[in-house]
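Take a look at the structure below.
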Amino acid sequence: LVENSVIQIGTPDRIVKTTCAYCGVGCSFDAHMRGETVVKMVPSKDGKANHGHSCVKGRFAWGYATHAERMLHPMVREHHTDPWREVSWDEALDFAAERLRRAQAEHGRDSIGVITSSRCTNEETYLVQKLARAVFGNNNTDTCARVCHSPTGYGLKTTFGTSAGTHDFDSVEDTDLALVIGANPTDAHPVFGSRLRKRLRQGAGLIVIDPRRIDLLDTVHGGEGLHLSLMPGTNVAVLTAMAHVIVAEGLQDDAFIRERCDWDEFLAYREFLLDPRHAPESVQAQSRVPAELIRQAARAYAAAPRASIYYGLGVTEHSQGSTTVMAIANLAMLTGNIGKPGTGVNPLRGQNNVQGSCDMGSFPHEYPGYRHVSDPETRAIYERVWGVELSEEPGLRINNMFDEATAGRFKGLYCQGEDVLQSDPNTSHVQQALASLDILIVHDIFLNETANYAHVFLPGSTFLEKNGTFTNAERRINMVRRAMAPRNGYEDWEITQMLANRLGGGWDYAHPSDIMDEIALTTPSFAGVSFDLLDREGSVQWPCNAAAPLGTPVMHIDGFVRGKGRFINTEYVATDERSGPRFPLLLTTGRTLTQYNVGAQTRRTDNTVWHPEDVLEIHPHDAENRGIRQGDLVRLASRAGETTLRAEVTERMAPGVVFTTFHHPGTQANVVTTDSSDWATNCPEFKVTAVQVSPSNGP
Ligand code: SF4
């Protein structure tokens with residue numbers, strides 16, 4: 001199956017420095033090439049995010065680029081149930097353009113849209129959102145960040161003024177205590193996880209807030225860290241109770257709050273916190289975290305000279321995802337843990353370019369640089385540079401696109417590098433929506449699950465075959481350099497340009513550096529970025545402009561981007577996904593070290609030997625009660641659907657909570673997840689689903 005995923009024996013004829021295409025750590029690699037073959041991938045010693053380290057994904061899981069299932073030729077079909085026809089690029093793009101044009105003629109300007117990818121480069125993503133805005137004439141652009149870190153964007157913009165993590169990875173070396181919530185860095189962000197582990201071995205303290213016991217807890221110097229094993233869905237209750245303890249015991253940093261935050265807002269927030277309903281004793285029943293443990297965690301976080309917070313999708317993928325992000329920001333501001341090394345609020349971004357896809361204006365309400373589409377000054381910039389009149393109305397989010405499609409009002413979608421059928425919740429609703437489209441264009445490296453409903457398939461290029469940039473979790477813009485010619489014939493930005501020009505775009509970019517020049521021209525936080533600068537410096541962290549010509553490792557040093565930091569009252573609202581007689585357990589999901597997301601890449605490499613199937617982790621008591629033994633096949637059912645997978649009985653899980661991954665399409669974990677979502681951003685509530693587990697031959 002795999003042609004090229006083991007290390008090839010041979011002498012390289014050149015070395016190309018590039019960036020890993022998996023997680024948001026953004027490790028730099030030296031691709032040792034011989035002709036069009038990768039001999040080996042070696043982590044770059046001068047990589048500023050990884051300093052010569054890597055994990056098994058970046059180092060070994062690149063063979064998918066030459067996998068036998070890689071799609072290399074465009075295809076079209078009249079109806080999604082017809083057989084595919086291999087055609088020329090011209091025919092495929094003409095067909096796609098004609099169908100898009102017809103959909104708009106028959107159903108209106110707003111009846112088509114795009115979904116951008118967090119796997120693609122900044123330059124490619126910028127062009128896809130530009131296609132929607134400047135060519136389609138609407139703001140119907142969304143990104144797969146919708147289903148992961150959109151609450152980070154909302155929460156950190158509201159409290160601090162910018163939608164990004166505050167600190168660089170190097171800052172972990174100065175931290176005295178790390179609070180890790182809803183993240184498993186040693187599996188999901190391994191190179192950063194190793195650095196954190198090293199700091200813990202040196203003596204830094206650790207608080208983990210997570211339903212599942214993670215490996216970091218075993219590496220704390222001199223014993224265990226604090227583990228608040230809460231019930232899924234109760235993050236806000238626990239974090240607000242910690243803030244309650246801090247103000248009730250007078251542990252807050254008044255000097256920082258007076259200088260950096262709005263004091264009157266703080267007084268109102270303090271009054272909110274001191275209500276007895278926020279006391280640890282009041283939340284221990286629903287969270288199942290003992291009140292004393294919440295008190296210990298609050299005191300430890302407030303007492304540490306420099307305390308940092310690292311979080312992942314266990315924070316954001318909840319009905320209160322945005323509220324949880326703001327509760328985290330509140331804690332950092334309360335204790336003055338912001339703006340200096342070793343502190344901060346640091347979202348561990350999942351995909352290689354999820355930060356960049358958000359930065360590049362993929363959201364339906366924001367231009368690149370997080371400026372609202374209704375802002376006339378920003379719109380005027382783009383109208384001048386793009387030479388078109390732009391809509392001031394926010395467009396459709398992904399879930400709105402699906403709702404509108406099933407209602408017959410949304411008819412055309414260009415989906416680049418994102419398998420929405422496998423990665424979005426409530427699979428049957430997504431299927432229904434995709435089947436309702438007149439034109440679905442899937443642009444990807446493999447014939448993914450979404451392509452089952454497509455009319456046009458455009459083969460994409462891998463990171464080894466393109467030039468551009470990725471932006472990692474610490475806002476670091478890293479270069480991606482072409483190591484081999486695109487096997488499909490074109491880099492992805494060229495394909496988008498060819499489609500745009502068939503629809504009257506009139507674009508003439510000759511190289512991704514031209515696109516970055518336009519990004520710098522139109523986006524204040526990227527004003528100083530160019531390929532020349534990145535070649536010279538290796539990488540820079542935005543904001544990079546006249547005020548910070550070599551970038552900004554730590555943000556909010558002297559003041560918040562929004563001026564005064566803003567405290568938000570974070571009222572806990574219980575999710576609808578509660579356990580009950582029919583579905584008595586709560587399911588939460590995550591990743592493993594060797595596989596990646598829906599597995600489109602890693603499953604097509606030798607990494608499959610390490611994690612060949614998704615399993616269901618279940619506590620021994622819950623397993624015994626159901627007559628389930630280690631390795632049994634079990635039925636996992638929710639109000640949305642059901643699937644079958646193998647049980648792993650483990651005390652890593654708390655009683656009442658089960659866990660699985662979503663790397664293998666056969667399992668289809670998202671068949672059981674529901675369409676509950678974050679109140680502010682519609683990020684799906686992947687982390688809490690009420691389920692029942694039974695032997696697969698049981699009732
Ligand atoms: Fe790639 Fe992330 Fe592993 Fe680094 S830690 S090699 S970026 S998957």
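The values are calculated or read from the model by the stated rules, or taken from the named source; none is laboratory data. Quick caveat: nothing in here was measured; it's all calculated off a predicted structure. Here Cβ is always computed from backbone atoms with ideal geometry, including for glycine, and neighbour counts include all displayed protein chains. With ligands, DNA and RNA removed, areas are computed over all heavy atoms of the protein, side chains included. Shrake-Rupley method; radii C 1.70, N 1.55, O 1.52, S 1.80 Å.
Evaluated at q = 0.05, 0.10 Å⁻¹, a Debye calculation over the C-alpha positions of the chain (equal weights, vacuum) places log10 I(q)/I(0) at -0.22, -0.94. In this calculation the C-beta distance from His79 to Asp508 is compared with R0 = 35 Å, giving a FRET efficiency of 0.50. About its Cα centre, the dipole of segment 7-100 is roughly 800 debye, where the only charges are +1 on Lys and Arg Cβ and -1 on Asp and Glu Cβ.
The distance separating the Cα centre of segment 315-342 from that of segment 546-580 comes to 6 Å. Post the alpha-carbon centroid distance, segment 175-231 to segment 36-67, in whole angstrom. Answer, in whole Å: 26.
Report note on the peptides 63-70, 463-470: ranked by the mean count of other C-beta atoms within 10 Å, highest first, their order is 463-470, 63-70. Only beta bridges with both residues in the chain are counted; by DSSP, about 50 percent of them are antiparallel. As a rough guide to protection, the peptides 143-154, 376-387, 209-220 ranked by mean Cβ packing within 10 Å, highest first, stand as 143-154, 209-220, 376-387. Between 0 and 90 degrees, the angle of helix 512-522 with respect to the longest Cα principal axis of the chain falls at about 60 degrees. Per atom type, segment 170-304 shows carbon and sulfur on 45% of its accessible surface, probed at 1.4 Å.
In debye, nearest 20, what is the charge dipole magnitude of segment 430-496 about its Cα centre with +1 on Lys and Arg Cβ and -1 on Asp and Glu Cβ, if you could check? Walk me through the numbers on the way to the answer.
Working: 6 positive and 8 negative charges, 74 e Å.
That gives segment 430-496 a dipole magnitude of about 360 debye.
Taking 0.36 nm per residue of separation and subtracting the current Cα-Cα distance, fully stretching the chain between Leu251 and Asp675 would add 148.7 nm. How much mean residue ellipticity at 222 nm does the chain get from its helices, if each DSSP H run of length 4 or more adds -39500 (n - 2.57) and you divide by all residues, to the nearest 500 deg cm²/dmol? Calculated at 222 nm, the ellipticity per residue is -8500 deg cm²/dmol.
Under a 5 Å amide H cut-off, with hydrogens placed 1.01 Å from N, Gly656 pairs with His619, Asp622 among residues at least 5 apart or on other chains.
Projecting the Cα atoms of Ala105, Trp84, Thr125 onto the charge dipole of segment 74-151, computed from C-beta unit charges around the Cα centre, puts Thr125 farthest toward the positive end.
Counting only other residues whose beta carbon sits under 12 Å from that of Gly182, what net charge do I get with K and R as +1, D and E as -1?
Charge balance near Gly182 sits at 0.
Peptides 391-400, 170-179, 122-131, ordered by how many other C-beta atoms sit within 10 Å of their residues on average, highest first, read 122-131, 170-179, 391-400. Taking amide H atoms as placed 1.01 Å from N in the peptide plane, the amide H of Val480 lies under 5 Å from those of Gly468, Thr469, Phe470, each 5 or more residues away in sequence or on another chain.
Enumerate lysine pairs in the chain that are 8 or more residues apart or on different chains, then count those whose Cα atoms are under 13 Å apart.
The result is 6.
Between segment 464-539 and segment 403-463, the C-alpha centres lie 24 angstrom from each other. Take the Cβ atoms of Asp262 and Ile557, set R0 to 22 Å, and the FRET efficiency comes out at 0.70. What the chain shows is 34 Å² of accessible area per residue, with the surface traced by a 1.4 Å probe over protein heavy atoms. Translational diffusion of segment 70-151 was estimated from the Stokes-Einstein equation, with Rh taken as the Kirkwood radius over Cα pairs; at 4 °C and 1.567 mPa s the coefficient is 89 µm²/s.
When a 1.4 Å probe is rolled over the protein heavy atoms, the share of accessible surface on segment 105-167 that falls to carbon and sulfur comes to 48 percent. Heavy-atom surface analysis with a 1.4 Å probe gives segment 388-543 a carbon and sulfur content of 42 percent of its accessible area.
Principal-axis analysis of the Cα atoms of the chain puts helix 89-107 at an angle of about 70° to the longest axis. Largest first, the residues Val691, Val573 sort by 1.4 Å accessible area into Val573, Val691.
Between Leu616 and Arg646, Ala647, Glu648, the built amide H atoms are under 5 Å apart, and every one of these is 5 or more places off in sequence or on another chain.
Helix 321-334 versus the longest principal axis of the chain: what angle, 0 to 90°, nearest 10, using Cα atoms? Helix 321-334 sits at roughly 50 degrees to that axis.
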